[in-house]
Amino acid sequence: MEKKIKHLELTQGVINRMANNSFLLKGWSVTLSSALFALAAKDTNPFFVYIAYFPCLTFWSLDGYFLRQERLFRKQYQAIAIKEDSAIDFSMNTNSYMADVNSWFSTCFSETLRIFHGTIFGVIFLIMCIMTAKG
């Protein structure tokens, strides 16, 4: 039983790191987008708004990657929980769960990521439209 608990703790640690990475990416996405909006407004330069698309899409795709990895490790956690203690091998390979978890692309467009990052993308688009209409 001790081996199983240790393997579950290792897996839970990875899940926590993936969730923390996702949280940090969201913070950086908002911060960087806001900074670029401020630069665009200060200089009335729409170039900074166009640049805001790059970090938005980059952070969105990275967030999708980390969420997918988190889901894979959650599947692994569930599998470890039902294993016999003698079958515990401390493997952290999640390849056998790939079919059980949506693809990276599908994960990027899951409801939670689509709402969060899609809102940022929409705001960038809206600001770009406003600035080009004024300019």
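The values are calculated or read from the model by the stated rules, or taken from the named source; none is laboratory data. Keep in mind that what you see is a predicted model, and the values were worked out from it rather than measured. Note that each Cβ is placed from the backbone with ideal geometry, even for glycine, and that neighbours are counted across all protein chains shown.
Quick notes on this one:
- Residues that are basic (Lys, Arg) and in a helix (DSSP H, G or I) were ranked within the range 71-88; the one that is surrounded by the fewest Cβ atoms within 10 Å (Cβ to Cβ) is 75.
Conditions tested, residue by residue: (1) assigned to a helix (DSSP H, G or I); (2) surrounded by fewer than 16 Cβ atoms within 10 Å (Cβ to Cβ).
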{"residue": "11", "(1), (2)": "yes, no"}
{"residue": "20", "(1), (2)": "yes, yes"}
{"residue": "68", "(1), (2)": "yes, no"}
{"residue": "90", "(1), (2)": "no, yes"}
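- Single condition residue 102 does not satisfy, out of (1) surrounded by 14 or more Cβ atoms within 10 Å (Cβ to Cβ); (2) part of a helix (DSSP H, G or I); (3) at pLDDT 90 or above: (2)
- Qualifying residue in the range 108-130 (condition: among the small types (Gly, Ala, Ser), under 18 Å from residue 12 (Cα atoms) and in a helix (DSSP H, G or I)): no
- Residue count, the range 39-66 (criterion: without any contact (Cβ under 8 Å) to a residue 24 or more places away in the chain, of a type outside the set (Val, Ile, Thr), part of a helix (DSSP H, G or I) and surrounded by fewer than 16 Cβ atoms within 10 Å (Cβ to Cβ)): 6
- Condition met for residue 22 (more than 16 Å from residue 93 (Cα to Cα) and touching an Asp or Glu at 6+ places or on another chain (Cβ under 7 Å)): yes
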